[in-house]
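The values are calculated or read from the model by the stated rules, or taken from the named source; none is laboratory data. All of these numbers come straight from a predicted model, not from anything done at the bench. Cβ coordinates were reconstructed from backbone atoms using ideal geometry, including for glycine residues, and neighbour counts include every protein chain displayed. These area figures cover heavy atoms from the full protein model, side chains too; ligands, DNA and RNA do not enter into them. Shrake-Rupley method; radii C 1.70, N 1.55, O 1.52, S 1.80 Å.
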Number of protein chains: 2
Amino acid sequence: MKVIMVGGVVVGPKVSARLRRLNSEAEITIIEKGSLLSYGACGLPLYVANLVPQLDGLMRTSYGVLRDTDFFQSQKDVNVLTQTEAVKIDRAHKKVFVRNVVTGVEETLDYDYLVLATGAKPSVPPIPGVNLGQVFTLHRPQDAQALKEFIKTKKVKHVTVMGSGLIGIETADALAGPRLKVTLCEAESQVLPKLLDGDMAKLVERQMEGQGVDIRLSCRVKALEGDAEGNVCRVQTEQGTIETEAVVIATGVRPEVSLAREAGLMIGSTGAIKVDEHMMTNDPAIYAGGDCAEQLHLVTGEPVYIPLASTANKQGRVIADHMMGISARYAPVEGTSVLQAFDLNIGRTGLGEAEARKRGYNVVTSVSSGLDSTHYYPMHANITIKLIAEQENGRLLGAQVCGVGESVKRLDVLATALKFGANVRDLIDLDLAYAPPFATAIDVLIHAATTLENIRLGVAKAITAEALVSRLQAGEKICLLDVREREEVAANPLSIEGTMVIALGELRERWEEVPKDSLVVTVCGLGIRGYDAACMLERKGADQVVFLQGGLSVGNAYFDQV
Amino acid sequence: MKVIMVGGVVVGPKVSARLRRLNSEAEITIIEKGSLLSYGACGLPLYVANLVPQLDGLMRTSYGVLRDTDFFQSQKDVNVLTQTEAVKIDRAHKKVFVRNVVTGVEETLDYDYLVLATGAKPSVPPIPGVNLGQVFTLHRPQDAQALKEFIKTKKVKHVTVMGSGLIGIETADALAGPRLKVTLCEAESQVLPKLLDGDMAKLVERQMEGQGVDIRLSCRVKALEGDAEGNVCRVQTEQGTIETEAVVIATGVRPEVSLAREAGLMIGSTGAIKVDEHMMTNDPAIYAGGDCAEQLHLVTGEPVYIPLASTANKQGRVIADHMMGISARYAPVEGTSVLQAFDLNIGRTGLGEAEARKRGYNVVTSVSSGLDSTHYYPMHANITIKLIAEQENGRLLGAQVCGVGESVKRLDVLATALKFGANVRDLIDLDLAYAPPFATAIDVLIHAATTLENIRLGVAKAITAEALVSRLQAGEKICLLDVREREEVAANPLSIEGTMVIALGELRERWEEVPKDSLVVTVCGLGIRGYDAACMLERKGADQVVFLQGGLSVGNAYFDQV
Ligand SMILES: Cc1cc2nc3c(=O)[nH]c(=O)nc-3n(C[C@H](O)[C@H](O)[C@H](O)COP(=O)(O)OP(=O)(O)OC[C@H]3O[C@@H](n4cnc5c(N)ncnc54)[C@H](O)[C@@H]3O)c2cc1C
Ligand SMILES: Cc1cc2nc3c(=O)[nH]c(=O)nc-3n(C[C@H](O)[C@H](O)[C@H](O)COP(=O)(O)OP(=O)(O)OC[C@H]3O[C@@H](n4cnc5c(N)ncnc54)[C@H](O)[C@@H]3O)c2cc1C
Ligand SMILES: CC(C)(COP(=O)(O)OP(=O)(O)OC[C@H]1O[C@@H](n2cnc3c(N)ncnc32)[C@H](O)[C@@H]1OP(=O)(O)O)[C@@H](O)C(=O)NCCC(=O)NCCS
Ligand SMILES: CC(C)(COP(=O)(O)OP(=O)(O)OC[C@H]1O[C@@H](n2cnc3c(N)ncnc32)[C@H](O)[C@@H]1OP(=O)(O)O)[C@@H](O)C(=O)NCCC(=O)NCCS
Ligand SMILES: [Ca+2]
Ligand SMILES: [Ca+2]
């Protein structure tokens, strides 16, 4: 049996390694047009940030061996042809034509199975100037090397990043610092538009601004302009001109499907290769996986293009298994995606609120903040969790997290629950681990779920920071009631005029001071006390009282707009 | 409506707080015989260890307010009678008799609903000497205060801890250090006998020994002996005598059910109060929750006594809801329990292997080690995961974790999957979050699942360290093949005589050197390369080759026995 992989980064190597373990006979060959193999592209921003000092750190095993051609030969019993491009597939005769990109020598290889693992390429917008000098992308190791080298040798002081997706934000974080200023241009009205809803994105935006990034939202770049030497020096945007020393284009990636398309394989609605649940294309001798292939979304059942190394690896294993007759299916995904940037742990799984509403779900959401471990444990920090569910039955649709504290593994729990069709009641029941270093007695994730259930059932009446601010901006008379302790208020006063301050512990005596003729919004640090205060005022007969979801940990990101 | 709670630590306060939010009319009263309320007992070991400097740190909210009688009055609108003991319940007339423990004044209180939240008390073995001076337990704040004060003022150099459950281990960790030596006596043959299987416990034992703890297993304490002043000075055990300056008894807790029993409420087979899914006793006017009540186990469906603050809080919420007619059920538990001690994050959920076998399950297990994040990310560490599943269908029964790295949130994911009846295939499919700071591209939990599936399906042939060592001890001729890199072997050589060393990368050339007449066990650091090497040798025709599960990260805990 002859099996050929086209592409040698994640899917190609993973299929090969697994296949070899299952099969001693197969001739397994990886064709890779580049010279590097099996690298951790996800670590490139860390390399640019110098957290990974050497590029080959991303290509070594944890025990220090470089994953080169020899590694695949000796440790995995797999042949690799690097600097070799697959240029054409003859499906009828099961042949693939390859060309050495250095020597130009061509060759025809027979296959019984072919695996397309051709990945993705940066999607560069069709604007003038993208080919100027000092314009970078961050996709391959060479890109990172060029960018890092340039920054270092030229002592660059200003870089413009185009696009605020995962890679744009990670790049901005890697570059921004006391000696280098970053301007980030994003065409949409928020950062991370594919990852987060606007409210969660706001938390990221404020944090980035706090660390000195100049964020330009709704700011499409129209052109890059060069200097006499042909290097970029200016960015023309819808909002004016930015003088800059370099540009990083991070406006997304597109699947590399030219080989597949020319061979007549089906391309899906997302533009990536269409595959079935075994990662098989419409040709049973050809599989496709990783960044060149589509996946199905668990919640919507529709094809999606969410290119990630996590899913690419899993697909690789399914491909090898299926080829060997082991019953294995690749499950629909939830689009679980995370990043660490600007000291925040950020992520999402499932549908976002905006997406869910667009699809016609009757949505209920909660945004709540809490501590990742007990406040008396020396290490602890806040996180904010947004849950998106169906109003009727509380079925979870998606979740988003953001915070300095441990939020990503909570997201994993939510992704796991989502996979099994959990509703909010199931989340409340989760038997999660508790000891003071790891969580609060009621985990912040369960607090998020009870908060959602309270809102869903009308036990708690809440307002989002977004809604509050837009009503304030519209001139509505609203009484903000800050129920924090005196010391908290003194340290971080609420800047909105007319805010009333009565600590929760005094409210039971002083509730009559609270006005009855306008909406009262109870505000605290995280949302818990605001909720308690709102309940207390309701008990005293107030009928227009809501608490601010997420308290000031979310509200502060909005209040400068009032 | 009059609602009375007996007990003011977790369940009593939680029912009260939730109930008040749901109901403005109810008269809510907490009866607590002690003087402290609503404290974090779970943090007591941190206080002893001085990680929490002041005891009241465990009784303050995250915003700094002491949770005393006044807090409950002003912030929660709940009455508290401290230093007041409930001495008798008259169910027929719905009355509870209380007595002030200081003044002796008695009173009769009417109730519509009564909540028994009487908790647990240390279970002290009936041996001579337990009432001597300098014999401690660690259950209430006063206990911790007395122990900490004693250690500090007396500059104690040796303490004996009896019992190696969660509290025993946490106490040993809190005390042990360069200036204070701890001897730990455990009657069972392993530490944490209710939490972990023997193999996982071994990892904890070795780590504790490495940090200087003198562990005595299968070592029942027969008596404590005192000096002339009536203070303990000697521990008589089945294995001889230990001179000591103090003893901490941590041999478990028993539910406090005397009030319930005298009132004729049903006590379950575990000795705790029997409740239904609404936490209601056999008297519909009386609920019970927390450490005095039974729960059902999700996997076995049987009653269990697993007293934890995490579940106590959840039960409290269910009790309040059910009282108010909100449909809420308390779900069966998985016994998810964790601790941090000796720099390890340790935990379990579901059934252990020994338990599962005893119950007749046809069990398959995997023990595998891996990194909690990418090795090139500056912060990363190992963890070991044990999965327990059914051989036939791969259904997950339980999981155990141990390691310096982040293991507890992986346990949460496993607990979540277990709740939904996941099988190992579901685990492999989990769409978990990946970015280099948080995980490896295939998360260590998914590696654990694929390892289990490989073992279950016979793709991988494995041996546990325990089985290997007992076969070596029995004199069987076994060839250990260490496939690590030269530098790794040099830094941490395998101490077993006759071990063959061929790095994985050389094995393809040198496989003929490996003996064919005996069992070959391939050994690496974590298990991955051993697995790969075993597959390679099998491809070369070897038929007696297995890899060492968990590699040396588990094997090292055993090999000193050979
Ligand atoms: C900066 C950055 C950060 C990232 N961070 C994360 C993260 O945190 N988490 C995460 O899950 N994912 C992340 N990703 C995505 C992840 O790197 C990709 O999902 C993964 O690399 C996909 O692997 P692949 O094998 O499908 O394709 P690729 O990595 O794109 O590899 C495809 C290979 O195929 C070769 N090829 C293409 N066509 C041919 C041909 N005709 N002949 C021969 N060879 C060919 C290409 O040269 C290329 O080497 C990140 C990516 C980048 C760039
Ligand atoms: C050292 C230590 C570490 C722990 N670590 C963890 C951990 O990491 N994770 C975890 O989940 N759990 C942990 N626990 C367990 C947790 O503390 C308990 O599960 C929790 O306190 C149970 O709360 P409860 O309200 O049911 O009972 P308790 O906390 O036992 O409170 C019961 C109260 O009722 C009072 N009372 C009893 N009878 C009467 C009466 N007749 N009249 C009036 N008052 C009465 C008692 O005085 C007591 O104050 C730990 C416990 C200890 C001691
Ligand atoms: C102090 C105590 C009485 C407070 O009870 P409580 O007011 O119900 O507060 P909790 O922290 O338990 O629960 C938070 C409440 O706020 C809600 N909430 C949590 N985070 C929120 C947020 N960010 N925004 C809005 N609401 C939030 C939750 O839904 C919950 O309300 P619900 O039960 O009505 O649904 C109780 O927690 C207690 O006694 N704890 C100390 C003892 C203890 O747990 N020790 C264990 C350690 S050993
Ligand atoms: C190097 C590479 C080819 C190795 O593939 P591999 O040999 O299948 O190794 P993986 O780490 O992927 O998988 C580990 C294997 O060992 C098994 N395993 C994992 N931990 C184990 C343990 N402790 N004990 C025993 N077996 C273990 C797994 O089950 C898996 O085997 P399986 O697929 O046959 O079930 C592939 O991982 C690769 O190219 N990775 C680099 C690229 C990349 O992923 N980049 C992403 C970051 S952007
Ligand atoms: Ca930075
Ligand atoms: Ca210690």
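Odds and ends about this structure:
- Yes/no for residue B:250 being more than 16 Å from ligand 5 (Cβ to nearest atom), modelled with pLDDT of 95 or more and touching a Ser or Thr at 6+ places or on another chain (Cβ under 6 Å): yes
- In segment A:79-101, the residues that are in contact with a strand residue (DSSP E or B) (Cβ under 9 Å, 6 or more places away or on another chain) and either within 11 Å of chain B (Cβ to nearest Cβ) or not in a strand (DSSP E or B) (or both): A:82, A:83, A:91, A:93, A:94, A:101
- Scanning segment A:521-544 for residues that are buried (at least 23 other Cβ atoms within 10 Å of the Cβ) and either away from every other protein chain (no Cβ under 11 Å) or within 16 Å of ligand 1 (Cβ to nearest atom) (or both) turns up A:521, A:522, A:523, A:527, A:530.
- Within segment B:407-440, considering residues that are touching a residue at least 12 places away in the same chain (Cβ under 8 Å), within 7 Å of chain A (Cβ to nearest Cβ) and assigned to a loop (DSSP other than H, G, I, E, B), the one surrounded by the fewest Cβ atoms within 10 Å (Cβ to Cβ): B:437
- Segment A:92-108 residues that are modelled with pLDDT of 95 or more and among the polar types (S, T, N, Q), paired with ones that are assigned to a loop (DSSP other than H, G, I, E, B) and surrounded by 12 or more Cβ atoms within 10 Å (Cβ to Cβ) (beta carbon under 9 Å, 6 or more apart): A:100/A:83; A:103/A:83
- Looking only at residues in segment B:460-480 that are open to solvent by 30 Å² or more (accessible area, probe 1.4 Å) and out of contact with any strand residue (DSSP E or B) (no Cβ under 7 Å at 6 or more places or on another chain), the one that is nearest to the other protein chains (Cβ to nearest Cβ) is B:467.
- Single residue of A:348, A:357 found to be outside any helix (DSSP H, G or I) and either within 16 Å of ligand 1 (Cβ to nearest atom) or under 24 Å from the mean Cα position of the chain (by Cα) (or both): A:348
- The set of residues in segment B:280-316 that are in a loop (DSSP other than H, G, I, E, B) and more than 13 Å from every other protein chain (Cβ to nearest Cβ) comprises B:281, B:282, B:283, B:284, B:285, B:289, B:294, B:300, B:301, B:302, B:305.
- For residue B:483, the stated conditions hold: it is within 13 Å of ligand 4 (Cβ to nearest atom), open to solvent by less than 10 Å² (accessible area, probe 1.4 Å) and at pLDDT 95 or above.
- When we screen B:493, B:436 for residues that are of a type outside the set (Lys, Arg) and over 20 Å from residue A:315 (Cα atoms), the only hit is B:493.
- Filtering segment B:338-363 to residues that are open to solvent by 10 Å² or more (accessible area, probe 1.4 Å) and either within 8 Å of chain A (Cβ to nearest Cβ) or among the small types (Gly, Ala, Ser) (or both) leaves B:340, B:345, B:354, B:360.
- Residue list for segment A:13-38, filter: near ligand 4 (Cβ under 8 Å from one of its atoms) and open to solvent by less than 20 Å² (accessible area, probe 1.4 Å): A:13, A:16, A:17, A:18, A:37, A:38
- With respect to the stated conditions, residue B:253 fails to be over 21 Å from the mean Cα position of the chain (by Cα) and surrounded by 15 or more Cβ atoms within 10 Å (Cβ to Cβ).
- Residue match in segment B:60-78 (condition: touching a residue at least 24 places away in the same chain (Cβ under 8 Å), away from chain A (no Cβ under 14 Å) and of a type outside the set (Lys, Arg)): no
- When residues in segment A:318-337 are screened for being closer than 30 Å to residue A:24 by Cα and open to solvent by less than 20 Å² (accessible area, probe 1.4 Å), 7 of them pass.
- When residue A:238 is tested against (1) modelled with pLDDT of 95 or more; (2) open to solvent by 20 Å² or more (accessible area, probe 1.4 Å), only condition (1) is not met.
- All positions within segment B:376-395 that are open to solvent by 40 Å² or more (accessible area, probe 1.4 Å), touching a residue at least 24 places away in the same chain (Cβ under 8 Å) and either under 11 Å from residue B:447 (Cα atoms) or not in a strand (DSSP E or B) (or both): B:379, B:380, B:391, B:392, B:393
For (1) within 16 Å of ligand 3 (Cβ to nearest atom); (2) over 24 Å from residue B:317 (Cα atoms); (3) out of contact with any Lys or Arg (no Cβ under 7 Å at 6 or more places or on another chain); (4) open to solvent by 60 Å² or more (accessible area, probe 1.4 Å), each residue gets a yes or a no:
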{"position": "B:182", "(1), (2), (3), (4)": "no, yes, yes, no"}
{"position": "B:219", "(1), (2), (3), (4)": "no, yes, yes, no"}
{"position": "B:243", "(1), (2), (3), (4)": "no, yes, no, yes"}
{"position": "B:246", "(1), (2), (3), (4)": "no, yes, yes, no"}
{"position": "B:257", "(1), (2), (3), (4)": "no, no, yes, no"}
{"position": "B:277", "(1), (2), (3), (4)": "no, no, no, yes"}
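- Among the candidates B:257, B:248, B:235, B:213, residue that is out of contact with any Pro (no Cβ under 7 Å at 6 or more places or on another chain), more than 16 Å from ligand 2 (Cβ to nearest atom), touching a residue at least 40 places away in the same chain (Cβ under 8 Å) and more than 30 Å from residue B:369 (Cβ to Cβ): B:235
- For segment A:225-235, filtering for residues that are among the acidic types (Asp, Glu) and open to solvent by 60 Å² or more (accessible area, probe 1.4 Å) leaves 2.
- Considering segment B:40-61, and only residues there that are surrounded by 23 or more Cβ atoms within 10 Å (Cβ to Cβ) and within 16 Å of ligand 6 (Cβ to nearest atom), the residue that is farthest from residue B:149 (Cα to Cα) turns out to be B:43.
- Residues that are β-branched (Val, Ile, Thr) and either under 24 Å from residue B:442 (Cβ atoms) or within 11 Å of chain B (Cβ to nearest Cβ) (or both) occur in segment A:49-59; there is at least one.
- Every listed requirement among (1) within 13 Å of residue B:5 (Cα to Cα); (2) within 11 Å of ligand 2 (Cβ to nearest atom); (3) among the small types (Gly, Ala, Ser) is met by residue B:26 save one, (2).
To keep it simple, each residue is scored yes or no on (1) out of contact with any strand residue (DSSP E or B) (no Cβ under 8 Å at 6 or more places or on another chain); (2) part of a strand (DSSP E or B); (3) of a type outside the set (Gly, Ala, Ser).
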{"site": "A:190", "(1), (2), (3)": "yes, no, yes"}
{"site": "A:202", "(1), (2), (3)": "yes, no, yes"}
{"site": "A:207", "(1), (2), (3)": "no, no, yes"}
{"site": "A:212", "(1), (2), (3)": "no, no, no"}
{"site": "A:218", "(1), (2), (3)": "yes, no, no"}
{"site": "A:223", "(1), (2), (3)": "no, yes, no"}
{"site": "A:233", "(1), (2), (3)": "no, yes, yes"}
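- Taken across segment B:493-509, residues that are more than 11 Å from chain A (Cβ to nearest Cβ), small (Gly, Ala, Ser), under 35 Å from the mean Cα position of the chain (by Cα) and at positive phi do not occur at all.
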